[in-house]
Ligand code: ATP
Ligand code: MG
């Protein structure tokens, strides 16, 4: 098949891990005779340096015309002056909003060969395979804000439509997995959470094959640490999802391993590793490219519907994590290129 992919390497280790992910996509294209074209564009601090804004119009237009967008990371100490007029992170927020990507998918697996890196010491807790679906474009982060000398407010607002579209996506994803959906809210206290819960309950009738469970966010924070292997798909609103997915990421052992996808109803999904620009190791060729490579696998699955090819990449990564080589963050000494080369060899 033909597909046009825009890459936004961004800052710090972003260009290093994005290059690895592109190499893997090219290898898959060669093996299955797909015609993937790639177009590299600026975002973040790199874009500020080149043209004074974190998301240039040319970058946005290219993303909107693409079949999928693969991003590295944005930000770094060079652009983190709190008084600066423009900041790299604004580019990413503007891109998510412009692409309308309301569902943020973060799979979490604890690889058996890396279980010793996870803070979970109980053996039984290590077979974790959870897919978080976080609402990404509503709630308190986007509501009206006020500030006076002695008070501040952040309005948390959700419409039924905003809840329905992300919850339906989560139900569909559960159907492709173990048919369990956990919806997380704070329905004992918050009105938006009561709307969230009643919407999930109503939609559940359309998915009788999916087992639905509701958890309050405070108890979910605890359950993720005590019984993470109980969960399949977890869906929640923006703020709760932000906190729970960072908590969950800690269980995997290294930030460098985890991918993400942000999806809307439009064509172009946005794919990026969950780690940041890692300025402390940028430019050294030692970043773990696995999070970016698995993000490329998600791109093939969700934007291009190439499930076989996505699974091939995941199997190759699995093999490398089992047999080595390993990068520094997971207890080895391999660099980015060596890790990428091993994944390519496994493919
Ligand atoms: P952001 O503010 O962009 O979210 P952050 O403050 O969460 O970034 P990261 O940039 O993700 O932080 O880095 C956190 C730590 O994890 C750093 O020590 C970094 O070196 C390490 N790290 C992040 N990504 C990787 C990677 N791909 N390989 C190895 N180590 C990584
Ligand atoms: Mg962070």
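The values are calculated or read from the model by the stated rules, or taken from the named source; none is laboratory data. These numbers come from a predicted model, not from an experiment. Cβ atoms come from the backbone with ideal geometry, glycine included; neighbour counts cover every protein chain shown.
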Residue, modelled with the highest pLDDT, within the stretch 216-253, restricted to residues that are within 16 Å of ligand 1 (Cβ to nearest atom) and under 13 Å from residue 107 (Cβ atoms):
245
Within the bounds of the stretch 210-228, is there any residue that is away from ligand 2 (no atom under 16 Å from the Cβ), in contact with a strand residue (DSSP E or B) (Cβ under 7 Å, 6 or more places away or on another chain) and in contact (Cβ under 8 Å) with a residue 60 or more places away in the chain?
yes
Given the structure, is residue 167 surrounded by 14 or more Cβ atoms within 10 Å (Cβ to Cβ) and within 30 Å of residue 326 (Cβ to Cβ)?
no
Of the residues that make up the stretch 237-247, is at least one under 26 Å from residue 100 (Cα atoms), surrounded by 21 or more Cβ atoms within 10 Å (Cβ to Cβ), more than 16 Å from ligand 2 (Cβ to nearest atom) and over 11 Å from the mean Cα position of the chain (by Cα)?
yes
Within the stretch 260-280, take every residue that is modelled with pLDDT of 95 or more and away from ligand 2 (no atom under 15 Å from the Cβ) and give me the one that is surrounded by the fewest Cβ atoms within 10 Å (Cβ to Cβ).
264
What tally of residues in the stretch 292-308 results from selecting those that are surrounded by fewer than 24 Cβ atoms within 10 Å (Cβ to Cβ) and farther than 20 Å from residue 169 by Cβ?
1
Scan the stretch 254-281 residue by residue and report those that are in contact (Cβ under 8 Å) with a residue 60 or more places away in the chain, within 11 Å of ligand 1 (Cβ to nearest atom) and out of contact with any strand residue (DSSP E or B) (no Cβ under 9 Å at 6 or more places or on another chain).
279, 281
Being more than 12 Å from ligand 1 (Cβ to nearest atom), modelled with pLDDT of 95 or more, within 25 Å of residue 29 (Cα to Cα) and touching a strand residue (DSSP E or B) at 6+ places or on another chain (Cβ under 9 Å) is the requirement here; does residue 333 meet it?
no
Given the structure, is residue 242 on the phi < 0 side of the Ramachandran plot and out of contact with any strand residue (DSSP E or B) (no Cβ under 6 Å at 6 or more places or on another chain)?
yes
State whether one or more residues within the stretch 325-338 are outside any helix (DSSP H, G or I), within 30 Å of residue 102 (Cβ to Cβ), touching a helix residue (DSSP H, G or I) at 6+ places or on another chain (Cβ under 6 Å) and in contact (Cβ under 8 Å) with a residue 12 or more places away in the chain.
no
